[in-house]
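So the structure is just underneath, and the comments pick up after that.
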Amino acid sequence: MEGADPDGPASGTAPAPPQTLTLPFGSTLALDSLPAVVMTVAIAFVDGFNPCSLWVLTLLLGLIVHTRSRRKILLVGAVFLAVTAGIYGLFILGMLNVFMIAGVSGPVRWIVAILAITMGLINAKDYLFFKRGFSLTIPERFKRPIAAGTRNVQSATGSTSGLIAATALFAAAVAVVELPCTAGFPVLWSQYVVAAAAPGTLPFWGLLLLYLFVYLLIEIVIILVALVTLGRVAFAEREARTVKLAGGAIMVSLGVHYLVNPEIANSLIGVGRIFLAAMIGAVILAAVAALFRVGPTGGHRRS
């Protein structure tokens, strides 16, 4: 047709619908927001390696496996995960509400970034000098009550309702106590992802549920191992140090990139750069620690 744009769409042809990605519970997200999904999975997976929560779960399961009852192990594990996910989800939603009120202004971005970088550096410090000075771990004053709580759960194994109630109460208390351990990850996630899926929309709920599911994956694996082997899964200081190093490096990288260029997370390449920078930083710190014989492989360990 004369005057028609040869490169344009044919006359009367409807534009192609945007391709979508299906998220949990039937919600969808446009494929151009795929980096938000990748960022969600990556941050939640690292967040799931939470030394505080893993220590508590392995301690609890270590007592329950002595009952030799897979039903009780499954019951305790399921209740623990459900309560943990519920409280963590409420915490994330609370942080989002705070940021929605405060807005995404320059000062807010600085506060979030500095908070994340500081928490990341503290975690990296724990790789070198575990629990020396300020540390994002469960305070020692809570260790004895937590141990007592696990024994209370163990003593309630004679009654199903009592076991559920004791586990739920214990998990709720622990979930609140351990929030400072990795609170920086959901804060950063909310800042990176909220632009791709506005809070309250179906895609946002899909991303939030995806975050919680991936966050719980490592604990699900631990429970499954206890179910199959009827044995205790140990989580010692050496593993905690390594997790602290990886988590700290990623938190610092996320914080720095969010401060300097928050739009970097809008592409898969940008997301890859964030986590590649974290990996390089972690490897360098581990190499320096080995050279000077500090950290989990060195001679200057905390007894």
Consider region 106-131. How many of its residues are touching a residue at least 24 places away in the same chain (Cβ under 8 Å), farther than 26 Å from Glu239 by Cβ, among the β-branched types (Val, Ile, Thr) and surrounded by fewer than 20 Cβ atoms within 10 Å (Cβ to Cβ)?
1
Quick check, is Asn261 at pLDDT below 85, under 18 Å from Val193 (Cβ atoms) and more than 18 Å from the chain's Cα centre (by Cα)?
no
Would it be correct to say that Leu81 is surrounded by fewer than 20 Cβ atoms within 10 Å (Cβ to Cβ), within 29 Å of Arg238 (Cβ to Cβ) and touching a Leu at 6+ places or on another chain (Cβ under 7 Å)?
yes
Subset of region 43-73 that is of a type in the set (Gly, Ala, Ser) and crowded, with 21+ Cβ neighbours inside 10 Å - its residue that is farthest from Leu227 (Cα to Cα):
Ala44
Give the residues of region 209-252 that are in contact (Cβ under 8 Å) with a residue 40 or more places away in the chain and polar (S, T, N, Q), sorted by residue number.
Thr242
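Taking the conditions exactly as written (part of a helix (DSSP H, G or I), under 24 Å from Val225 (Cβ atoms) and of a type in the set (A, V, I, L, M)), does Val174 satisfy them or not?
So Val174 fits the description; yes.
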Would you confirm whether any residue within region 148-157 is crowded, with 19+ Cβ neighbours inside 10 Å, under 15 Å from Leu54 (Cα atoms) and either out of contact with any His (no Cβ under 9 Å at 6 or more places or on another chain) or touching a residue at least 60 places away in the same chain (Cβ under 8 Å) (or both)?
yes
Within region 107-131, of all residues that are closer than 20 Å to Ile43 by Cβ and of a type outside the set (A, V, I, L, M, F, W, C), the one modelled with the lowest pLDDT is Arg109
Qualifying residues in region 253-264 (those that are touching a residue at least 12 places away in the same chain (Cβ under 8 Å) and of a type in the set (A, V, I, L, M)) - the one nearest to Ala85 (Cα to Cα)
Leu254
Among residues belonging to region 27-80 that are part of a loop (DSSP other than H, G, I, E, B) and closer than 27 Å to Lys244 by Cβ, point out the one that is modelled with the highest pLDDT.
Phe49
Single condition Ala148 does not satisfy, out of (1) at pLDDT below 85; (2) of a type in the set (Gly, Ala, Ser); (3) closer than 21 Å to Gly86 by Cβ:
(3)
What single numbered condition from (1) closer than 16 Å to Thr182 by Cβ; (2) surrounded by 18 or more Cβ atoms within 10 Å (Cβ to Cβ); (3) at pLDDT below 85 fails to hold for Phe134?
(2)
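The values are calculated or read from the model by the stated rules, or taken from the named source; none is laboratory data. Computed from a predicted model, the values in this text were never measured in an experiment. Counting neighbours? That spans all protein chains shown, and the Cβs are built from the backbone with ideal geometry, glycine included.
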